[in-house]
Amino acid sequence: MNDERDMTGSNQGAATNAMWGGRFADGPSAIMREINASIPFDKALWREDIAASKAHVAMLGAQGIIAAEDAQAISAGLDAVAAEYAANGVPENWDLEDIHMTTEARLAELIGPAAGRLHTARSRNDQVATDFRLWVRTAFDRMDEGLAGLQRALVARAGEHADSIMPGFTHLQTAQPVTLGHHLMAYYEMLRRDRSRLADARARMNECPLGSAALAGTGFPIDRAMTAAALGFDAPTANSLDSVSDRDFALDFLWCCSATALHLSRLAEELILWASQPFGFIRLPDSLSTGSSIMPQKKNPDAAELVRGHSGRVIGSLTSLMITMKGLPLAYSKDMQDDKPPVFEAASLMELAIAAMTGMIAGSTFNTARMRAAAELGYATATDLADWLVRARGIPFREAHHITGSAVKLAESRGVALDQLPLADLQAIDARIDESVYAALSVDASVAARSSYGGTAPDQVRLQVARAREALGMEE
Ligand code: ARG
């Protein structure tokens with residue numbers, strides 16, 4: 001909060017803004033200065049702002065729009081400003097509103113009036129659109145890198161546990177035995193789609209808005225292909241109105257973040273459940289857990305809970321920007337200045353969440369004996385009995401399902417597992433059952449039998465792990 005805030009909005013004596021104040025008699029009120037300033041957050045764009053300005057000024061020089069020596073002085077001056085920012089951070093002066101004017105003002109202090117030529121044939125509208133695209137493009141790349149790391153951790157653990165048996169659930173009720181490797185590889189697949197979404201969005205957004213100027217383009221003989229290439233874009237954008245007012249690249253980014261946040265939240269939820277005492281399937285690494293200040297026995301899965309919790313904020317950031325953009329007429333409106341905080345917040349939350357999840361996957365200890373014991377409870381191999389009746393005895397599946405139901409009911413009434421029922425009892429339910437059924441009723445036989453493509457059988461898991469390792473460039 002600005003202490004000098006003037007609630008009346010009067011502003012006697014304030015100087016007019018040096019950058020745009022030519023037609024104003026008075027300077028902005030303190031309220032106006034505060035509500036207008038984006039420098040507190042858009043200073044994060046300084047690298048992109050300098051890079052885009054350098055590309056722009058090189059083009060102005062090459063096209064003869066400004067003198068070569070001015071272009072050179074400006075470019076060197078921008079390097080000097082960048083060095084200052086890198087060393088001391090970006091100064092926050094609300095009167096200079098944003099990173100664009102902050103940089104230009106400092107440039108003028110360093111090199112004098114030639115600095116004023118930098119803004120020829122551009123506007124802050126195409127400038128911010130360009131800077132922000134560059135920033136988001138890097139964010140796409142960083143997120144992709146993070147996700148690849150998490151995939152590697154998942155695949156490594158899945159390879160170790162291709163044969164480890166755990167209960168598979170539907171409705172969180174024990175359904176059929178699965179392998180832990182299979183379960184972990186499910187998340188590998190989700191992240192594979194997340195990464196492909198990132199790649200799509202990144203390819204779509206890689207066009208350069210610079211040169212669209214305020215909204216209509218410019219009368220100066222600029223070379224947009226040159227600036228686009230210098231900044232690593234595939235091409236210049238094709239419509240200046242769209243270029244300065246579109247933020248769907250940022251929305252794409254936030255949707256990608258949200259989709260991944262949702263996946264990580266589900267995985268986090270499973271880790272939290274698995275780490276609870278009644279499950280006891282895993283021990284999370286101490287480095288990513290906390291203790292309780294009053295209950296000495298506790299080890300809490302806080303990192304996983306925060307990954308789950310942060311997904312709400314990430315999804316909120318998508319909602320926030322969608323609502324900001326909805327209903328804005330073409331072209332630029334100042335509402336769009338609010339595009340940055342949700343993107344910055346989502347990007348940093350995702351970076352942390354991905355890193356925390358990678359650490360938890362890589363560092364957890366799986367209690368495979370306990371998982372196996374849980375898989376042996378709950379009649380998880382009932383489907384295998386039904387399948388055996390179909391396969392070995394030619395009984396229609398619906399009838400086999402019914403026979404199996406009676407066997408489960410009997411086992412339940414005695415408090416034993418299916419394969420602990422004596423043969424005579426099974427035969428009393430259906431005379432076609434014989435000794436060979438027992439081989440089908442173990443959890444190992446159950447998972448081994450599910451060898452259809454993409455199934456949970458250890459061989460299938462090993463196949464998918466090998467493919468994933470190859471896709472991720474993990475050495476054999
Ligand atoms: N700080 C502004 C933003 O982030 C830069 C663009 C300002 N343009 C304008 N016409 N006032 O949106």
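The values are calculated or read from the model by the stated rules, or taken from the named source; none is laboratory data. None of the values given here were measured: they were computed from a predicted structure. Every residue, glycine among them, receives a Cβ derived from its backbone with ideal geometry; neighbour counts consider all protein chains shown.
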Q) Considering Gly116, Gly168, Gly159, Gly181, which residue is farther than 23 Å from Glu345 by Cβ, more than 16 Å from the ligand (Cβ to nearest atom), in a helix (DSSP H, G or I) and touching a Pro at 6+ places or on another chain (Cβ under 8 Å)? A) Gly181
Q) So which residues in the range 87-116 are of a type in the set (D, E, K, R), farther than 14 Å from Ile50 by Cα and touching a residue at least 60 places away in the same chain (Cβ under 8 Å), if there are any at all? A) Asp95, Glu97
Q. Considering only the range 64-122, how many residues are of a type in the set (S, T, N, Q) and closer than 23 Å to Phe220 by Cβ?
A. 4
Q. Does His263 satisfy the criteria of being closer than 22 Å to Gly168 by Cα and touching a residue at least 12 places away in the same chain (Cβ under 8 Å)?
A. yes
Q: Kindly indicate whether any position in the range 136-156 is touching a residue at least 60 places away in the same chain (Cβ under 8 Å) and within 16 Å of the ligand (Cβ to nearest atom).
A: yes
Q) Given Leu288, Leu273, Leu251, Leu241, which one is among the aliphatic types (A, V, I, L, M), at pLDDT 95 or above and in contact with a helix residue (DSSP H, G or I) (Cβ under 8 Å, 6 or more places away or on another chain)? A) Leu251
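Yes or no, residue by residue, for (1) farther than 25 Å from His263 by Cβ; (2) surrounded by 15 or more Cβ atoms within 10 Å (Cβ to Cβ); (3) without any contact (Cβ under 8 Å) to a residue 60 or more places away in the chain; (4) touching a Leu at 6+ places or on another chain (Cβ under 6 Å):
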site: Asp286; (1), (2), (3), (4): yes, no, yes, no
site: Gly291; (1), (2), (3), (4): yes, no, yes, no
site: Val314; (1), (2), (3), (4): no, yes, no, yes
site: Ala331; (1), (2), (3), (4): yes, yes, no, yes
site: Gln337; (1), (2), (3), (4): yes, yes, no, no
site: Phe344; (1), (2), (3), (4): no, yes, no, no
Q: For the range 283-294, state whether one or more residues are in a helix (DSSP H, G or I), in contact with a Lys or Arg (Cβ under 9 Å, 6 or more places away or on another chain) and not aliphatic (A, V, I, L, M).
A: yes
Q: Please go through the range 13-57 and pick out each residue that is modelled with pLDDT of 95 or more and in a loop (DSSP other than H, G, I, E, B).
A: Ala37, Ser38
Q | Answer from Ala386, Ala431, Ala411, Ala392 - the residue that is among the hydrophobic types (A, V, I, L, M, F, W, C) and either touching a residue at least 60 places away in the same chain (Cβ under 8 Å) or over 25 Å from Ala448 (Cβ atoms) (or both) | A | Ala431
Q: Inspect all residues belonging to the range 228-249 and state whether any of them is touching a residue at least 24 places away in the same chain (Cβ under 8 Å), in a helix (DSSP H, G or I) and over 30 Å from Gly327 (Cα atoms).
A: yes
Q. Which of (1) out of contact with any Leu (no Cβ under 8 Å at 6 or more places or on another chain); (2) within 16 Å of the ligand (Cβ to nearest atom); (3) among the aromatic types (Phe, Trp, Tyr) does Phe132 not meet, given it meets every other one?
A. (1)
